[in-house]
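The values are calculated or read from the model by the stated rules, or taken from the named source; none is laboratory data. These numbers come from a predicted model, not from an experiment. Using ideal geometry, Cβ is built from the backbone for each residue, glycine included, and neighbour counts are taken over all protein chains shown. Quick note on the areas: whole protein, heavy atoms, side chains included, nothing else; ligands and nucleic acids left out. Shrake-Rupley method; radii C 1.70, N 1.55, O 1.52, S 1.80 Å.
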Amino acid sequence: MSEFLPLMDAALRGGLITLLALSAWLLWRRLPAGAPARPVLGLFLPGLVVQLIGSTPAFEAQVPRAWQAPWVAVAVGNAVGFWCLVRLLFDDDFRMHARHLLAWAAVAAVGAAYCLLPPHPALTLLLRGAPLLCAAATLWVLGRGWSADLLEARRRLRLGLVLGGVAYTLLGVGLRLGTGGAPGPLALLDLLGLGAVIALGAVALLEPQAPRWQRLLLAEAEPLPAPSAAAEPAPAAPDAELLARLEPWMRERQPHRDEGLSLAGLAAQLAVPEYRLRRAINQGLGFRNFNAYVNQWRLDEARAALADPAQQARSVLDIALAAGFGSIGPFNRAFKAETGLTPTEFRRAQLAES
C-alpha cells in the first residue's frame with residue numbers, strides 16, 4: 001500500500017497537468033485577444049500547475065523549506081486567482097485590474113514568508129486564514145447574483161464549479177491544520193478534491209457544446225442556435241406573447257422606478273413563472289442579468305429627463321432617485337459606463353444642442 005500511493009499520486013498529478021494544459025491551449029485559441037478572461041486564466045491555470053507540482057508529498061518532504069517558498073506562494077495565491085475566476089464567470093462587468101494582482105501578490109507573500117521565516121503562530125494563522133477569506137468572498141459572489149442571473153447554464157455552473165471549489169478550499173485548510181502539509185492518504189484525498197474541481201471545469205469547457213460555456217467567459221448573450229445548425233431539438237423560441245406584454249408593462253407601469261424590483265417581483269406582477277420571464281428576457285432581449293435589464297429602463301428615463309430643457313431645474317440626484325436608482329454613486333457609474341459621460345456632462349451637451 002505504501003508503494004501504491006506514490007504511484008497513484010504521480011499518475012493523478014500527471015493526468016491533471018495534461019488536462020489543464022489541453023484546456024488552457026484550447027481556451028487560448030478560442031478566446032479573442034482582448035477577452036477579459038485571458039488575464040484571469042493566465043493567472044489561475046499556470047498557478048494550478050505549480051500547485052499540483054509543489055504539493056507533491058515527496059516535494060514537501062525532501063525539498064528544503066526555503067526552496068519551497070515560490071511554490072507555496074503561488075499555491076496560496078491561487079485562492080485569489082479562483083476568486084477572480086468566479087467574478088469573471090458571474091459578474092458581467094468584471095475586469096482584472098492592478099488591484100487584483102496586488103491582492104494576489106499580498107496573499108502569495110504570506111505563503112513565501114511562511115517558508116522563509118522562523119515558525120510563528122501569526123504566520124500560520126495568516127496562511128490558513130487567507131484561503132478561508134477568499135472562500136468567503138467567493139460564497140458572497142455566489143449568493144449575491146443568484147436571483148438576478150438570467151443564464152441557465154451559468155446558474156447550473158454556479159452550484160457545481162463554485163461550491164466544489166469552495167469545498168476544496170475548506171478541505172485543504174482542514175487537512176493541513178496543525179501540520180506543514182497533508183501527508184500520505186490525506187495528500188491523496190486533497191489531490192482528489194482538486195482533481196474533481198479541475199475535471200468539472202474541463203468537462204464543461206471541452207464538451208461538444210463548449211461554445212455555450214465559453215460564452216460565459218466572453219460575457220456574451222446566450223442566443224438560440226440557428227435551426228440549420230441544430231444537431232439536437234432546438235430549445236423553445238423566445239416567448240413572443242410575454243415579450244409583447246413586457247415592454248408596454250414596463251413603459252406604462254414603470255416598475256423599474258421601484259429600487260427593490262426583483263425578477264420574482266416582476267414575474268408576480270405579470271402573473272407568469274420566474275423561469276418563463278427569465279428565459280424571455282435572456283433569449284428574447286439578449287440580457288444576461290435582470291439588474292442590467294432594469295437599469296437599462298432607468299438609464300433611458302434618466303437620459304430623457306437630462307436632455308429635456310423643461311426639466312433642467314431638476315437636480316441630477318432627483319432624476320436618479322425618481323428613475324429607480326438607490327443613490328447617486330451607482331447611477332453615476334452606470335450612466336458613464338453607458339454613455340461615456342457623467343450625467344452633468346451629458347446634460348450640458350444635450351441642452352447646448354437644443
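Which of the residues spanning the stretch 270-296 are assigned to a helix (DSSP H, G or I) and open to solvent by less than 30 Å² (accessible area, probe 1.4 Å)? Across the stretch 270-296, the qualifying residues are Leu270, Leu277, Arg278, Ala280, Ile281, Asn282, Phe290, Tyr293, Val294.
For Trp146, only one of the following conditions fails: (1) at pLDDT 80 or above; (2) part of a helix (DSSP H, G or I); (3) not basic (Lys, Arg). What is its number? So the condition that Trp146 fails would be (2). Condition (residue is in a helix (DSSP H, G or I), touching a residue at least 12 places away in the same chain (Cβ under 8 Å), touching a Ser or Thr at 6+ places or on another chain (Cβ under 9 Å) and hydrophobic (A, V, I, L, M, F, W, C)) applied to the stretch 86-100: is it met by at least one residue? Within the stretch 86-100, one or more residues are in a helix (DSSP H, G or I), touching a residue at least 12 places away in the same chain (Cβ under 8 Å), touching a Ser or Thr at 6+ places or on another chain (Cβ under 9 Å) and hydrophobic (A, V, I, L, M, F, W, C). Exactly one residue out of Arg65, Arg29, Arg99 is farther than 30 Å from Phe290 by Cβ and modelled with pLDDT of 85 or more: that is Arg65. Ala267 meets each of the listed conditions (1) open to solvent by 30 Å² or more (accessible area, probe 1.4 Å); (2) in a helix (DSSP H, G or I) apart from (1). Whether a residue is surrounded by fewer than 17 Cβ atoms within 10 Å (Cβ to Cβ) and part of a loop (DSSP other than H, G, I, E, B) was assessed, and Glu247 does not pass this test. The requirement of being touching a residue at least 24 places away in the same chain (Cβ under 8 Å), surrounded by fewer than 16 Cβ atoms within 10 Å (Cβ to Cβ), in a helix (DSSP H, G or I) and hydrophobic (A, V, I, L, M, F, W, C) is fulfilled somewhere in the stretch 49-60, by at least one residue. Taking the condition open to solvent by 50 Å² or more (accessible area, probe 1.4 Å) and not in a helix (DSSP H, G or I), does Ala313 pass? For Ala313, the condition - open to solvent by 50 Å² or more (accessible area, probe 1.4 Å) and not in a helix (DSSP H, G or I) - is met. All of Trp28, Trp83, Trp104 fail the test of being surrounded by 19 or more Cβ atoms within 10 Å (Cβ to Cβ) and either in contact with a His (Cβ under 7 Å, 6 or more places away or on another chain) or without any contact (Cβ under 8 Å) to a residue 60 or more places away in the chain (or both), apart from Trp83.
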